[in-house]
Amino acid sequence: MKHAAFFFLMLASTCAAAQGPPAVNQVSLKKGDRIHFYGDSLTAQALTPKGWVTLLREHFKKNHPDLGIEVTTFAVGGYPIVQRLKKLDDEVLAKKPTVVVIQGGVPDALRGFSNDEFKSALETMIERLRKADVRVVVCSCTSLGEKKDGSNRIDKKLDEFAEVARQVARDKKVPLNDLRKAFQEYWNKNNPDNKDKGILTYDGNHFNDTGNQFVAQQMLKMFAAPPSQP
């Protein structure tokens, strides 16, 4: 598939950096790891042929077949992190993952949850996953509008939630995939006309092909894989 070939070429330098000893902000992959992405529509839509979950699954299969990495998801559009705790057992722990990546935040902002509610939910989720011997990666939220000047309608709340995610990751000593920061840096370089969509998303929120490739790159940076065996 052409899109997959392009993605693998794009990741050549990232792959080299992701092999060997893990950085502080990485999860060290082991043989037989089961990575579970727990998210909202941004994860649900990533199961399409060009979606970032599909790209990651293809990457692990192609570059680390000896590890036998399994990639699973549970994702529902508009699913706030604050509301996931009651179903964590069924939606995550029942699948017996060894690594969980928590993606979300935009639905929480849209529904008006407070910073304290968001923080408490993230902390509790991490604690429960750790009790089950699951390694955790936290993602900061992305966008609802791509204007780089901070004038998208809930930018202030998304920035606050992103800072909460950073604080929780620091306090709990878990890797942080700071997607909010990565998106803002990308817009500053690639959105000279301050467009509200069409850069990494097709509607200001959901990823286009470029966005899926970009998010896959950011996700891959979270994992340190040992060199593949011949």
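The values are calculated or read from the model by the stated rules, or taken from the named source; none is laboratory data. As the structure is a prediction and not an experimental result, all values here were calculated from the model. Don't worry about glycine lacking a Cβ; one is built from the backbone with ideal geometry, like all the others, and counts go over all protein chains shown.
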Task: Selection from segment 194-214 of residues that are farther than 13 Å from Thr48 by Cβ and over 16 Å from the mean Cα position of the chain (by Cα) - done: Asn194, Lys195, Asp196, Lys197, Gly198, Ile199, Asp203, Gly204
- [ ] Please specify each residue of segment 176-210 satisfying the condition of being surrounded by 22 or more Cβ atoms within 10 Å (Cβ to Cβ) and either free of Cβ contacts under 8 Å to residues at least 12 places away in the same chain or within 21 Å of Leu129 (Cβ to Cβ) (or both).
- [x] Asn177, Leu179
Open item on the list: If I ask for residues that are in a helix (DSSP H, G or I) and under 18 Å from the mean Cα position of the chain (by Cα), which ones from segment 80-108 would you list?
Closed with: Ile81, Val82, Leu88, Glu91, Val106, Pro107, Asp108
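Each row is one residue, and each column tells you yes or no for (1) in a helix (DSSP H, G or I); (2) buried (at least 17 other Cβ atoms within 10 Å of the Cβ); (3) modelled with pLDDT of 95 or more.
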residue: Ser13; (1), (2), (3): yes, no, no
residue: Val24; (1), (2), (3): no, no, no
residue: Pro49; (1), (2), (3): no, no, yes
residue: Lys61; (1), (2), (3): yes, no, yes
TODO: Say whether the condition of being surrounded by 18 or more Cβ atoms within 10 Å (Cβ to Cβ) and either out of contact with any helix residue (DSSP H, G or I) (no Cβ under 8 Å at 6 or more places or on another chain) or at pLDDT below 95 (or both) is met by at least one residue in segment 89-96.
DONE: no
Task: Single match in Arg166, Arg135, Arg180 (criterion: in contact with a Pro (Cβ under 9 Å, 6 or more places away or on another chain) and of a type outside the set (A, V, I, L, M, F, W, C)) - done: Arg135
